[in-house]
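Note sheet for the following structure.
Read-outs throughout are calculated quantities, based only on the coordinates presented, and are distinct from any laboratory measurement. Keep in mind it's a predicted model, so treat the numbers as computed, not measured. No Cβ is skipped: glycine too gets one built from the backbone with ideal geometry, and neighbour counts run over all protein chains shown.
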Amino acid sequence: MRFNGGMPRIRLDLAYDGTFFSGWAAQPGLRTVEGVLTSALATVLREPVRLTVAGRTDAGVHAAAQVAAVNASLPELRAWMTWAQAPMTLEASRDNLTRAAERFDSRENLRYHVWNAAGTELVGSSGYHALDWRVPRGEIGYWIATPHTGQGYAQEITEHLTEYGLQHLG
C-alpha cells in the first residue's frame, strides 16, 4: 500500500463502551470492536476495508504510559531529545499524543509506540520522521525507555521499519 496515493483515507475519532466486546483487536470467534467496525464499514461502503489504528485512549493509557516511560528515562533522554528537558506531565503527554496523531494523519510523521509483548508497558517510541513523499525519503527515529534498553527493541523496530519502508512506502 502506498500512503501517498491510491486508497482513500478517512479518519474516525471513535469512543465506545467496551463492556460487550472482547477488546479492540479482531480475534476469531470473539466479538471485538475492530471486527464489528470493519464489518459495518464494509457493509456501508460495499467493499472490503482495512483499519489502521493510530492510537487508543483507554482512559488515558497511552498518555500515562508515556509519562512513566519518559520520566523514568529523563537522565538518558536529556542529552539527545530537546523535548525531554523537564519531567513530562499527563497534560503535556496528552497534547503530545494529539499532535502526533495529527501529524500521522497528515503523513508528516508516522510515529508508533513500542509496547512489550503483553501490551501492558510502553517500551519506547519509533517511527518515520522528516518525510518527503515527493522523493520519497524519511528518517527513522526511536527512543527506548531506560529499563528496556539492551534487550533488542531498538534493533527489532528499526529493522522492521526499514523493511516496511522500502517495501511499502517508497
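Assuming R0 = 30 Å, can you tell me the calculated FRET efficiency for the pair Arg31 and Glu76, based on Cβ-Cβ distance, to the nearest 0.05?
According to the calculation, E is roughly 0.10.
So what's the back-of-envelope 222 nm ellipticity for the chain, counting only DSSP H runs of four-plus at -39500 (n - 2.57) apiece and dividing by all residues, rounded to 500?
Value at 222 nm, helices only, nearest 500: -10500 deg cm²/dmol.
What is the sum of charges around Asp95, taking Lys and Arg as +1, Asp and Glu as -1, for the other residues whose C-beta is under 13 Å from the C-beta of Asp95?
Charge balance near Asp95 sits at +1.
To the nearest 10 degrees, how steeply does helix 153-164 sit against the main Cα axis of the chain, on a 0 to 90 scale?
Its long axis makes an angle of about 50 degrees.
Please give me, ordered by residue number, the trypsin sites (Lys or Arg not before Pro) of region 42-135 that lie in loop per DSSP and have at most 16 other Cβ atoms within 10 Å.
Counting only loop positions with at most 16 other Cβ atoms within 10 Å, the trypsin sites (Lys or Arg not before Pro) in region 42-135 are Arg46, Arg50, Arg56, Arg78, Arg107, Arg134.
Helix 33-45 versus the longest principal axis of the chain: what is the Cα-based angle in degrees, 0 to 90, to the nearest 10?
Taking Cα atoms only, the helix is inclined about 50 degrees.
Relative contact order (percent) for the chain, with alpha-carbon contacts under 8 angstrom and 6 or more residues of separation?
It comes to 16 percent, rounded to a whole number.
Apply the a/c threshold of 1.5 to the C-alpha gyration tensor of the chain and tell me whether it is rounded, prolate or oblate.
Oblate is the answer for the chain, as a/c is 1.5 or above yet b/c matches or exceeds a/b.
Rounded, prolate or oblate: which one fits region 103-170, using the alpha carbon gyration tensor with axes a ≥ b ≥ c (rounded when a/c is under 1.5, else prolate when a/b beats b/c, else oblate)?
Prolate, since a/c reaches 1.5 and a/b exceeds b/c.
Can you give the FRET efficiency for Val44 and Gln151, using 1/(1 + (r/R0)^6), R0 = 41 Å, r = Cβ-Cβ distance, to the nearest 0.05?
0.40
If I fit a long axis through the Cα atoms of helix 90-105 and take the longest principal axis of the Cα atoms of the chain, what angle between them do I get, 0 to 90°, rounded to 10?
In the chain, helix 90-105 runs at an angle near 60 degrees to the longest axis.
Excluding Leu131 itself, what net charge comes from residues whose Cβ is under 12 Å from its Cβ, given Lys and Arg +1 and Asp and Glu -1?
Result for the local shell: +2.
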